[in-house]
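Take a look at the structure set out below.
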Amino acid sequence: DHRDLHSFPTRRSSDLNLKSLHLFGTQMTKSGIAALSQLQNLQEIRIPGCEKVSSPDLCTLFSALKHLRVVDVSDCGPTVNTKVVTALASSNPGLEHLVLDESENVNSATLKPLAEHCKGLVHLSLEGCLGITDGSLVNLVASCRRLRFLSLGMCRGITCKSIKAMAANLPELRHLDL
């Protein structure tokens, strides 16, 4: 279902007490992003398949929203990159659940802002993010020690070094997908 969000929502966005928003495969315009940026109470946003949204627009959105706990921007093609994740992580240090699956521009540098700002992360999915390597993953698990779910399927740069770091640093890890 493709919807154009240029007029969403119809009343003042800042008046809404919306906590969770799921927009699967939605075509968003700049004005739609601006409207979503007004949803100051939003704690969960799931916008998988948002490849038509630009990286600068996602940076604007994630910089404006300060209470996000759950974010899914999987399957967004080249849109999701280090700048987008930096905007998200630095504005939302309470982030707990992040899905970046199949994000072709997610790489080792992308994990650094998560390690620096989101130490309470408990769920991270990076399936199909081919640029992830040992060095960044070792740093991430040393900082985000509350991780319980970690999905790294198809991340070909992961070796025994990362697995040893996970064993040493993630006592709460319950799900690991390699």
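The values are calculated or read from the model by the stated rules, or taken from the named source; none is laboratory data. None of the values given here were measured: they were computed from a predicted structure. When we count neighbours, we look across all protein chains shown, and the Cβ atoms used for this are built from the backbone with ideal geometry, even at glycine. Heavy atoms of the whole protein, side chains included, go into the accessibility calculation; ligands, DNA and RNA do not. Shrake-Rupley method; radii C 1.70, N 1.55, O 1.52, S 1.80 Å.
Would you call residue 42 modelled with pLDDT of 95 or more and over 17 Å from residue 78 (Cβ atoms)? Full working, then the answer.
On the way: modelled with pLDDT of 95 or more: yes; over 17 Å from residue 78 (Cβ atoms): yes.
Yes; evaluated as a whole, the condition is true for this residue.
Scan region 70-93 and give yes if some residue there is touching a residue at least 24 places away in the same chain (Cβ under 8 Å), under 21 Å from residue 178 (Cα atoms) and of a type in the set (Lys, Arg), otherwise no. No - not one qualifying residue is present in region 70-93. Listed by position, the strands (runs of 3 or more DSSP E) contained in region 96-178 that have at least 2 residues being more than 19 Å from residue 75 (Cα to Cα) and open to solvent by 30 Å² or more (accessible area, probe 1.4 Å) are 175-177. Scanning region 24-42 for residues that are crowded, with 18+ Cβ neighbours inside 10 Å and touching a Gly at 6+ places or on another chain (Cβ under 9 Å) turns up just one, 26.
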